[in-house]
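To start, the structure under review is shown below, and the notes come after it.
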Amino acid sequence: MSTDVIVTQNLSKTYGRPPLQVHALRETNLSIKQGDYIAIIGPSGSGKSTLMNLLGCLDKPSTGKIFIDGKDVSTLNEKELARIRREKIGFIFQKYNLIPTLNALENVELSMGFAGVDAQTRTKKAKQLLELVELSKRLTHKPSEMSGGEQQRVAIARALANNPSIILADEPTGNVDSKSGDNIMRILEAVNARGETIIVVTHNMAIAQRAKRVLRIQDGVVQEGHV
């Protein structure tokens, strides 16, 4: 039976102070299991990015708790949160967030360097990951020399570098054409088939339909939904 990788208890996030307080997320209770493939959908400003940032330990809740692999991360300091992000979570962003002065291989190696992996192992694994995303012929190309779809595939390889159990993808197909978008989702589905947990924030209903579960968020309230 699959174990819970993320559990939230009455998770809330507010910004500002009364009377100008914004309730970005309201008392959210979620259970996300190892191997889940979840799409989070909802209109702009509904709280999708807030939820993603909390699940990814990029932000702290105002109230409530988040457990990752059974550990309450809502009480951790920044150094401890950075370790959780490095060891357990892979991030894929809409705008790729690649370092422009580094080539594809170097971009994928970078996070492994921060994790203390030796140079030879880093290079070998980065090459394997770029082969996985069908970029083995683009190792020495910098972001400016690649298409949007290629840059996003480099970002996927980078997200997988430290063997995370959770992949958080924020609009991963938002800046690419439909063919590249399909290719990106096919790669993520293959990663999910290996057992990693995939959580995708998307406006694209066709992307959401490919997920095993859909969470719909409106005015900070999260509900199990369907497309």
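What's the FRET efficiency of residue 190 with residue 119 using the Cβ-Cβ distance as r and R₀ = 30 Å, to the nearest 0.05? Could you put the intermediate results ahead of the total?
Numbers: r = 28 Å, r/R0 = 0.93.
Calculated value: 0.60.
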Roughly how many whole Å is it from the C-alpha centroid of the stretch 24-54 to that of the stretch 57-76?
14
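So, with +1 on the Cβ of K and R and -1 on the Cβ of D and E, and no other charges, what is the size of the charge dipole of the stretch 4-225 about its Cα centre, to the nearest 20 debye?
On the way: 30 positive and 24 negative charges, 30 e Å.
Dipole of the stretch 4-225, to the nearest 20 debye: 140 debye.
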Shape call for the stretch 101-174, from the Cα gyration tensor axes a ≥ b ≥ c (a/c under 1.5 means rounded, otherwise prolate when a/b beats b/c, else oblate), comes out oblate
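Hey, fewest Cβ within 10 Å first, where do 182, 118 land in order?
Least crowded to most crowded, the residues run 118, 182.
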So for the stretch 4-225: antiparallel DSSP bridges make up what percent, rounded to the nearest 5?
55
Per the charge dipole of the chain (beta-carbon charges, Lys/Arg positive, Asp/Glu negative, Cα centre), the residue among 91, 22, 114 reaching farthest to the positive end is 114
Residue 67/residue 17 FRET efficiency (R0 25 Å; Cβ-Cβ; nearest 0.05):
0.30
For labels at residue 3 and residue 102 in the simple 7 Å Cα→Cβ model, what's the distance in nm?
3.0
Please order 14, 202 by the number of other Cβ within 10 Å, starting at the fewest.
14, 202
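Is the shape of the stretch 165-217 rounded, prolate or oblate, going by the alpha carbon gyration tensor and its root eigenvalues a ≥ b ≥ c, with a/c under 1.5 for rounded and a/b larger than b/c for prolate? Before the final figure, lay out the partial values.
Values: a/c = 1.71, a/b = 1.16, b/c = 1.47.
Here the stretch 165-217 falls in the oblate category.
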Taking 7 Å along the Cα-to-C-beta vector as the label spot, tell me the residue 58-residue 203 distance in nanometres, rounded to one decimal.
1.7
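Would you mind checking the pairs 60/125; 60/88; 125/212; 33/60; 88/125 and listing those with alpha carbons more than 23 angstrom apart?
Details: 60/125 32 Å; 60/88 17 Å; 125/212 29 Å; 33/60 21 Å; 88/125 17 Å.
From the list (60/125; 60/88; 125/212; 33/60; 88/125), the Cα-Cα distance tops 23 Å for 60/125; 125/212.
Need the full-extension length gain, residue 131 to residue 163, defined as separation in residues times 0.36 nm minus the C-alpha distance. One decimal, nm. Spell out each step's value before the answer.
Numbers: separation 32, 0.36 × 32 = 11.52 nm, distance 1.59 nm.
Answer, rounded to one decimal: 9.9 nm.
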Could you give the longest part of the chain that holds none of the trypsin sites (Lys or Arg not before Pro) found in DSSP loops with at most 15 neighbouring Cβ atoms within 10 Å?
1-94
Where Rh is the Kirkwood radius over the Cα pairs of the chain, the temperature 4 °C and the viscosity 1.567 mPa s, what D in µm²/s does Stokes-Einstein return?
72
Reference-scaled alpha-carbon Rg (2.2 N^0.38 Å with N residues) for the stretch 55-181:
1.11
Likely footprinting exposure, 51, 105, fewest C-beta neighbours within 10 Å first:
105, 51
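Here, each number is a calculation from the coordinates, and none is a lab measurement. Since we're looking at a predicted model, the values are computed, not measured. For neighbour counting, all protein chains shown are included, and Cβ atoms are generated from backbone atoms with ideal geometry for every residue, glycine included.
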